[in-house]
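The structure appears below as structure tokens.
What follows draws every value from the coordinates through simple rules; no lab data is involved. Bear in mind that the values here come from a model prediction, so they are computed numbers and not experimental data. Glycine also receives a Cβ, built like all others from the backbone with ideal geometry; neighbour counts cover every protein chain displayed.
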């Protein structure tokens, strides 16, 4: 009997994952990760982790499996929370959930599981894994979940072959309604429980208040740039190479105060992100204002009216060499190579037609259609069909 440690989160997905593994004949152990102590910044009044760990315990009792709690809050603070503060301070928009899977669930947590004699670690992610042979070598594939509405492969885009080899995703072939149905039939306490919202393990967080623990508020100015601004009408230059053209298409516009008019004040450019609409507290415009750029050096925010404002769109993005990650190492591109893929720049975004262009200093992704709100610090992930083959941090 192979032993599997399931990350029981107190939600319905991981509960059903544990049940399915038992049905398949595995020896199952439930482990709850406690990763957060600070209730001051969570929005809900009740303490989310206490309720969650209690639900996880009740599920383990119902299934008759051993259960324990591990406290990973120190590693979580070090690897996830400090990284978030650092990224926001630099004016970038991190994705803590992607990092949490790479650094916590499939690293720190996985090591604890293996020390308990586990052969595998299982989670309640909506994604699938397959194993094929390439040149006589075992290669693990990360595939989209069968439920198109819930596919979570994007959140696992930074996993390595080593991590995938030890991972199981028992609910990947199911839809959410099917998962709830199984939980109800098994009378699991989590059957009707709402999906958790917000940050991996922390719950819903008031982001500015959360960031204010480290990043001091400082008042700055909000500018509005008109859609008819001169910068959007400039003629495209002649390019001498593909690389030069891609660099041009991926480049951020360098905004300055002369390009717009003052429409309000903010409490710190580092609290905001490209494409953001809520939280600006500027009224009186015909269409809602969207953030088209932030400048943490000058503590300035630039906005434009409406979701079709030209300042929101770019045709390409760049990923630095050290931030390119191939899940499928056998498909790695070398300098000068290109690859047609489907890509997304955020969770839930429908896949977009794109081409990867590899150069010595990194990689460009050029899109068939210009993309809205490409945010530095977020992850771009690329696919062949329903297989996620690589990802990287947008620079």
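If you fit an axis through the alpha-carbon atoms of helix 176-185 and take the longest principal axis of the Cα set of the chain, what angle between them do you get, 0 to 90°, nearest 10?
30 degrees
Counting other C-beta atoms within 10 Å, which of 365, 222 has the fewest, and how do the rest follow?
Taking fewest neighbouring Cβ atoms as first place, the list is 222, 365.
Please identify, among 149, 135, 35, the residue showing maximal mean-square fluctuation in a Gaussian network model of the chain using a 10 angstrom Cα cutoff.
In this elastic network of the chain, the residue with the biggest mean-square fluctuation among 149, 135, 35 is 135.
Can you tell me the length gained on complete extension of the stretch residue 238 to residue 326, counting 0.36 nm per residue apart and subtracting the Cα distance?
28.4 nm
What span do the alpha-carbon atoms of region 3-212 cover on each of the three principal axes, reported in whole Å from largest to smallest?
In descending order, the Cα extents are 48, 46, 35 Å.
Hey, fewest Cβ within 10 Å first, where do 339, 1 land in order?
1, 339
For the chain, with a Gaussian network of springs between Cα atoms less than 10 Å apart, report the residue from 115, 366, 153 with the top mean-square fluctuation.
Most flexible of the set in this elastic network: 115.
With an 8 Å Cα cut-off and a minimum separation of 6 or more residues, compute the relative contact order for the chain in percent.
Once normalised by length, the contact order is 16 percent.
For helix 48-63, report the angle its Cα long axis makes with the longest principal axis of the Cα atoms of the chain; keep it between 0 and 90° and round to the nearest 10°.
Helix 48-63 and the main axis of the chain meet at about 30 degrees.
Using only Cα atoms, tell me the angle between helix 12-23 and the longest principal axis of the chain; keep it within 0 to 90° and round to the nearest 10.
40 degrees
Sort 309, 125 so the one with the fewest other Cβ atoms within 10 Å of its own Cβ comes first.
Ordered by Cβ neighbours within 10 Å, fewest first: 309, 125.
Report, in whole Å, the centroid distance computed from the Cα atoms of region 220-235 and region 3-22.
The distance from the Cα centre of region 220-235 to that of region 3-22 comes to 51 Å.
Running Debye on the chain with equal point scatterers at the Cα sites and no solvent, what base-10 log of I(q)/I(0) appears at q = 0.09, 0.10, 0.13 Å⁻¹?
Debye output, listed in q order: -0.60, -0.73, -1.16.
Could I have the simple spin-label model distance between residue 360 and residue 89, label points 7 Å from Cα toward Cβ, reported in nm to one decimal?
So the label points at residue 360 and residue 89 sit 3.4 nm apart.
At what distance in angstrom do the alpha carbon centres of region 177-191 and region 301-352 lie from each other?
So the separation of the two Cα centres works out to 38 Å.
So how many Å³ per residue does the convex hull of the Cα atoms of region 231-378 work out to?
143 Å³
What is the mean projected area of the alpha carbon convex hull for region 314-393, to one decimal in square nanometres?
Over all viewing directions, region 314-393 projects a mean Cα-hull area of 4.8 nm².
In percent, what relative contact order does region 3-212 have, based on Cα pairs under 8 Å that are 6 or more apart in sequence?
After rounding, I find 28 percent.
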